[in-house]
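These notes are about the structure you will find just below.
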Amino acid sequence: MKAYINNKAHEIKGNESILQFVRRIEGQESIPTICHATNLEDFGSCRLCSVDIARSKDGDKKVVASCHTPVSEGLYIYPNSKRIQKLRKNIMELVLSQYPENELKEDKDKLPTEFQKTIQSFGEIDVRYEKKSISEIINKTIDKDFSHPYIKADFLQCINCYRCVRACDEIQGQFVLSMMGRGNKNHIIKGADVNFAVSDCVSCGACVQTCPTGALQDKYETKIQKADKTVRTICTYCGVGCNLEVKVRNGDVVGIEAPIDAEVNTGHTCVKGRFAWEFYKHPDRLDVPLIKKNGKLEEASWEEAYKVISEKFKSIKNEFGADAIAGISSSRCTNEENYLMQKFFRIVLGTNNIDGCARVCHAPTAYGMQKAFGTGAATNSIADLEYTDCMFVIGANPTNAHPVTGAKIKQQAMKGKTLIVVDPIQTELAKYATYHIQLRPGSNVAFLNLMAYYIIQENLVDKAFVEKRTQGFNGFIDEIKKINISQLEAVIGVNKDYIKEVAIAYASAPNAMEFHGLGVTEHYQGSKTVMLLANLAMMTGNIGRKGVGMNPLRGQNNVQGAADMGVQPNQGAGYLDVTSPDVQAYYHDFYETEHPKEVGLKIPEMFEAGRKGDLKAMWIMGEDVLQTDPNTCQVEKAIGKLDFLVVQEIFMTETAAKADVVLPASSFLEKEGTFTNGERRVQRVNKVVEPIGNTKSDGQIVAEVMNAMGYNQPQYSAPKVLDEIAAIVPFFKGITWERLGKNGLQWPVLEDGIDTKILHETEFKLGKGQLHFFNFKNSPELEIHSEKYPFILTTGRILQHYNCGTMTRRTPNKELVKEDVLLMNPIDAKNKKIETGDKVNLFSERGQISISVEVSDKVKEGVLFTSFHFPEVGINYITSSVEDEESLTPEYKVVAVDILKL
Ligand code: SF4
């Protein structure tokens, strides 16, 4: 198919608009635009992109907006005819009649904005219309708005291109920005014409990135303009894995933008990824090794620190054996670093006592999905949201915890797709949901069994899929038929007919995608819930093609990668069973040394062994267990009884303060390696700035400790370690540093570099998918304590902070949210005579804390919710030691508590 530009024929590619077609052939500058942005829907409002078109060479010409007119076979396009030039000039005159004079002057300290470049492309423009600012036209002062910690607004520079309004609507779905007034009185407002700070803005910065004039700016815009380097890397916060373009000036980070060509985030980020980067140069950064002498941590050299560590580890190993030492690796670190950490414990020390912070979040996902499918990872890609008909979100609050994915789900819901939200809290997504099951915390298994019951009863099972691809269905049906519906309905606290409607909606959708988070895993029956979710997908044939599947939303940036690298005590690199003789032989051949055979300790078992005095030493990399692990008093006892503790950190955390040796590590901006996001995408983390002070990357530290212990580990290089990983982890076989390119590869990656977007297309790793049945069991926490402590406390994240807040609390995000608060239902609040802002004592069998209350109908009667980002609250002093029965993941989501007004 061909079309003509100035009578010359050119090939048409795909469904191009005229603008895309002409710009592809004649270059970006060939047609000027104002309202067009590649990551927004075509709008056709400014008309600057107008071109002349004709059906034949000498045919009648007509003017169309090229951005939203498709190019078609045989079309004749004249992008710069005389009348088009005249039209564009007139448009520019009208726009400039409201544009401030001073912004037209060249400023040698600033690079021209996109709009200023467009003006320059016209040469001299003599504005024939009356020049009046928008303030003059509407007879109201449009003040600059500096109320937001990251965004500056000066709407006198606004040219009404609507790009910020559309970015807010189309990308984030927040609808904060809108237009007010008609004709030339048209102007942008925030919320109900308020300032940013009090608007509903979620600070994603999509408006800032798209604004062509600087009317909306990053607070560091002037520095960003002068950046001397831009480095593409991956966000360090959640498992979405957004690509970032980090702007650097004189060796310092000055700002972050989002690359439009990023497959994961197409020019979008959340407030954390775009703005919360200043922690990396916060004065609190640890920048020199510390060794405890006479009870005090004192500065030391790296050599001294390595000497102490190697001597201590060797003497403990000699006296008590390697199993007296344990390590906790970190999902915040790269694959290469996690790989080396587990290699240190297994190959250098000779113990499988290595675990990671996945234990406190997604270990049940890995376990349950492996039991059901053979592979413990997301089956599909987030891009599949475009192809799904039904989104089933259970135990996850993605607009807070996985914001870029959350925004995509919200967009699909607003387009009319079925959204089912299963959550005890009225999350933001719940407001957009077709169905919200506001179940009692801890009743997921009861709910999923009822779903399965109704799917079977309504004859909505995909029999062909079940017969061909699964096993265990007959036994499952027998058990499901025995469930007591009324009893389960009472447990869940939601009408069974409504649950039936949800079951029908999910099972009858042509393509349904499941998403789950920590509201599934951090439960007594967490692994079982994961397996029941897998049942639903298999029963309805929602596996193995676009727009379906089971997609765990991974909490930390590299929780998937850490597990892939062998950061668990039962499986080594590549999820190989450490007790299998074949695996032993495989590892032995590779490392040319013995590999430990006994399954090691999981984190809770490490603490138990510590309390008993059986565990003598620990090396904790990038985790503040004293703040994040449950039942803090018990963790304190374990840590207190160790003979030797090494902590590798970027800040002096509660745990680091107890260490015998503190190793100062680099942040993600100061190192290279790879992170694997929640859709199995291995992406390159590139070094943006040099390590602060005397810090080193975690990988370099581990490699140097290996050498100090006498193991010959080559000098640390992330690409070289990646080669070693590709040689030992079967599903990394085709991965090389170069092949990862800009957008990474989704494992398994074949030898020739071909990656995998969808798992289990024709068969499961297990061969056939395995269905399981489990009866609902109440959490022991509620069984034992609910009489004395009648409320159920459940916890989760908020948008502005990340986990224990070590990083986000050291950025201006703390101006956005200053404290954790407790949500309490209005009826409960009235009964307890508590009002918003009151301080209360929250107490459980383990202890008590004090916290401020917000009265809210986001929680049902009897349920309380809080986040856990601020150490002052110390929420884990009251959480319990109940664990998921299979993976020992703590049950953070169900705590029996009572409350007393202070
Ligand atoms: Fe970072 Fe997640 Fe936000 Fe993306 S959504 S910018 S990965 S925190």
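The values are calculated or read from the model by the stated rules, or taken from the named source; none is laboratory data. From a predicted model like this one, the values you see are computed outputs, not experimental measurements. Note that each Cβ is placed from the backbone with ideal geometry, even for glycine, and that neighbours are counted across all protein chains shown.
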Which members of the stretch 211-242 meet the condition of being surrounded by fewer than 24 Cβ atoms within 10 Å (Cβ to Cβ), among the β-branched types (Val, Ile, Thr) and within 30 Å of Glu679 (Cα to Cα)?
Thr230, Val231, Thr233
With the condition kept exactly as written, say whether any residue in the stretch 54-61 is in contact (Cβ under 8 Å) with a residue 24 or more places away in the chain and within 26 Å of Gln209 (Cβ to Cβ).
no
Filter pass, Val548 being in contact with a strand residue (DSSP E or B) (Cβ under 7 Å, 6 or more places away or on another chain) and within 30 Å of Ala896 (Cα to Cα)
no
Going through (1) among the hydroxyl-bearing types (Ser, Thr, Tyr); (2) over 13 Å from Ile256 (Cα atoms); (3) within 16 Å of the ligand (Cβ to nearest atom) one by one, Thr233 fails only at (2)
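Matching residues to (1) on the phi > 0 side of the Ramachandran plot; (2) within 16 Å of the ligand (Cβ to nearest atom):
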site: Leu626; (1), (2): no, no
site: Asn631; (1), (2): yes, no
site: Met652; (1), (2): no, no
site: Ala656; (1), (2): no, no
site: Ser667; (1), (2): no, yes
site: Thr676; (1), (2): no, yes
site: Val682; (1), (2): no, yes
Enumeration of residues in the stretch 117-145 that are in contact (Cβ under 8 Å) with a residue 24 or more places away in the chain and either in a helix (DSSP H, G or I) or within 40 Å of the chain's Cα centre (by Cα) (or both)
Thr118, Ile119, Ile134, Ile137, Ile138, Ile142, Asp145
In the stretch 236-260, the residues that are aliphatic (A, V, I, L, M), without any contact (Cβ under 8 Å) to a residue 40 or more places away in the chain and away from the ligand (no atom under 16 Å from the Cβ):
Val254
Within the stretch 433-462, the count of residues that are assigned to a loop (DSSP other than H, G, I, E, B) and over 18 Å from Gly541 (Cβ atoms) comes to 8
Of those in the stretch 261-278 that are within 7 Å of the ligand (Cβ to nearest atom) and not in a loop (DSSP other than H, G, I, E, B), the residue nearest to Ala401 (Cα to Cα) is Lys272
Residues (more than 16 Å from the ligand (Cβ to nearest atom) and surrounded by fewer than 24 Cβ atoms within 10 Å (Cβ to Cβ)) located in the stretch 374-387
Gly374, Thr375, Asp384, Glu386, Tyr387
Consider the stretch 276-291. How many of its residues are in contact with a strand residue (DSSP E or B) (Cβ under 7 Å, 6 or more places away or on another chain) and farther than 12 Å from Leu669 by Cβ?
6
Could you grab me the full set of residues in the stretch 411-432 that are of a type in the set (Val, Ile, Thr) and in a strand (DSSP E or B)?
Thr418, Ile420, Val421, Val422, Ile425
Yes/no for Asn775 being outside any strand (DSSP E or B), among the polar types (S, T, N, Q) and crowded, with 16+ Cβ neighbours inside 10 Å:
no
Unique residue being closer than 30 Å to Asp228 by Cβ and in contact with a Pro (Cβ under 6 Å, 6 or more places away or on another chain) when the list is Phe146, Phe115
Phe115
Might you check whether a residue that is in contact with a Cys (Cβ under 6 Å, 6 or more places away or on another chain), touching a residue at least 24 places away in the same chain (Cβ under 8 Å) and aliphatic (A, V, I, L, M) occurs anywhere in the stretch 27-48?
yes
Filtering the stretch 544-570 for residues that are buried (at least 24 other Cβ atoms within 10 Å of the Cβ) and on the phi > 0 side of the Ramachandran plot leaves a count of 2
In the list Ile485, Ile420, which residue meets the criterion of being away from the ligand (no atom under 16 Å from the Cβ) and surrounded by fewer than 22 Cβ atoms within 10 Å (Cβ to Cβ)?
Ile485
Number of positions in the stretch 525-556 that are more than 28 Å from Thr762 (Cβ to Cβ) and at pLDDT 95 or above:
2
Considering every residue within the stretch 792-804, establish whether at least one is over 28 Å from Ser203 (Cα atoms) and either without any contact (Cβ under 8 Å) to a residue 24 or more places away in the chain or buried (at least 22 other Cβ atoms within 10 Å of the Cβ) (or both).
yes
Sole residue being more than 30 Å from Glu815 (Cβ to Cβ) and not aliphatic (A, V, I, L, M), chosen from Lys312, Lys272:
Lys312
So which residues in the stretch 354-408 are closer than 19 Å to Cys270 by Cβ, assigned to a helix (DSSP H, G or I) and in contact (Cβ under 8 Å) with a residue 40 or more places away in the chain, if there are any at all?
Ile382, Ala383, Leu385, Pro398, Thr399, Asn400, Ala401, Pro403, Val404, Thr405, Ala407
Answer residue from the stretch 279-325, given it is over 20 Å from Met621 (Cβ atoms) and basic (Lys, Arg) and is nearest to the ligand (Cβ to nearest atom) among those
Lys281
Failed item in (1) more than 28 Å from Glu93 (Cα to Cα); (2) among the aliphatic types (A, V, I, L, M); (3) crowded, with 19+ Cβ neighbours inside 10 Å; (4) without any contact (Cβ under 8 Å) to a residue 40 or more places away in the chain, with Ala65 passing the rest:
(1)
Residues satisfying the stated conditions in the stretch 397-413, i.e. within 13 Å of the ligand (Cβ to nearest atom) and aliphatic (A, V, I, L, M)
Ala401, Val404, Ala407, Ile409
Condition check for Pro364: more than 16 Å from the ligand (Cβ to nearest atom) and buried (at least 24 other Cβ atoms within 10 Å of the Cβ):
yes
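Per-residue answers, yes or no, for (1) of a type in the set (D, E, K, R); (2) more than 30 Å from Val231 (Cα to Cα):
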| residue | (1), (2) |
| --- | --- |
| Arg739 | yes, no |
| Leu759 | no, yes |
| Thr762 | no, yes |
| Lys777 | yes, yes |
| Pro780 | no, yes |
| Glu783 | yes, yes |
| Pro790 | no, yes |
| Leu793 | no, yes |
Could you identify the single residue in Glu724, Glu738 that is more than 23 Å from the chain's Cα centre (by Cα), farther than 25 Å from Asp589 by Cβ, among the acidic types (Asp, Glu) and not in a loop (DSSP other than H, G, I, E, B)?
Glu738
Candidates Pro112, Pro100, filtered to the one that is without any contact (Cβ under 8 Å) to a residue 12 or more places away in the chain, of a type outside the set (D, E, K, R) and touching a helix residue (DSSP H, G or I) at 6+ places or on another chain (Cβ under 8 Å)
Pro112
